[in-house]
Amino acid sequence: MAVDAEIYKKMLKELGANVQLLAVSKTKTAADILALYALGQRDFGENYVQELVEKQQQLPADIRWHFIGHLQSNKVRSIVPFVYLIHGVDSLRLLKEIDRQAAKTGRVVDVLLQVHIAREETKFGLDAAEVGEVMQAAPAMGAVRVRGLMGMASNTEDAEAVRAEFRALKDVLDHWFPGDGILSMGMSGDYRIAIEEGSNMVRIGSLLFGARG
Ligand SMILES: *Cc1c(COP(=O)(O)O)cnc(C)c1O
């Protein structure tokens, strides 16, 4: 499916001024990204380091690239020179490595901590106590700034379960970032619930670009 301008415009209108749209472009071509770019979209999210680095080299320099996948410490170096926001920081060790690499480039890199909210065992993320440990340690790091939280709800039809997970994440946000945190929650299937529960950044792939093959 090609990018549909009407769907994009409707989405922006629905989100309004307080919820930022991150277009998740993993597996999509440079042409797909440029089609959305031509409509004004500047924030794009990718899950794989190699793919992100290649796209960043090919595409316009004013795109704000978000990394939303699981980041391995040995790959931090490749994205730190240009990445706009890293959503999935799930250990103190990873945060320290981002700080170390960012310091070398002279940048201060913004990140979100990924919190484990889903009941599924397989999803990555910190629990509430671990968020506290990372938040205590973060101010000592000069080249990384923790701006908020990110989470993924369970992949279930049970809307109330999803709502409860999002609500729990918002509670953690309000504790550590009263009034000013980025809350990255909500994808194509659950973004409406996420916004009702306080999301201010939604990560939308398939609704904008069509299903991934
Ligand atoms: C792929 C992905 C998305 C987008 O998913 P859609 O269901 O296509 O909107 C959002 N967040 C993360 C972390 C992803 O990996």
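Could you tell me whether any residue of segment 40-51 is surrounded by 21 or more Cβ atoms within 10 Å (Cβ to Cβ) and hydrophobic (A, V, I, L, M, F, W, C)? Yes - at least one qualifying residue is present in segment 40-51.
Which of (1) open to solvent by less than 60 Å² (accessible area, probe 1.4 Å); (2) in a helix (DSSP H, G or I); (3) within 13 Å of the ligand (Cβ to nearest atom) is the odd one out, the single condition Ile7 does not satisfy? Unmet condition: (1). For segment 50-82, filtering for residues that are away from the ligand (no atom under 15 Å from the Cβ) and within 20 Å of Arg100 (Cα to Cα) leaves 12. Considering only strands (runs of 3 or more DSSP E) fully contained in segment 121-207, which possess at least 3 residues that are surrounded by fewer than 21 Cβ atoms within 10 Å (Cβ to Cβ), at pLDDT 95 or above and of a type in the set (Lys, Arg)? By residue number, no strands (runs of 3 or more DSSP E) qualify.
The values are calculated or read from the model by the stated rules, or taken from the named source; none is laboratory data. Only a predicted model underlies this, so the values are computations on that prediction, with no experimental measurement involved. Here the Cβ is made from the backbone with ideal geometry for all residues, glycine too, and neighbour counts use every protein chain on show. Quick note on the areas: whole protein, heavy atoms, side chains included, nothing else; ligands and nucleic acids left out. Shrake-Rupley method; radii C 1.70, N 1.55, O 1.52, S 1.80 Å.
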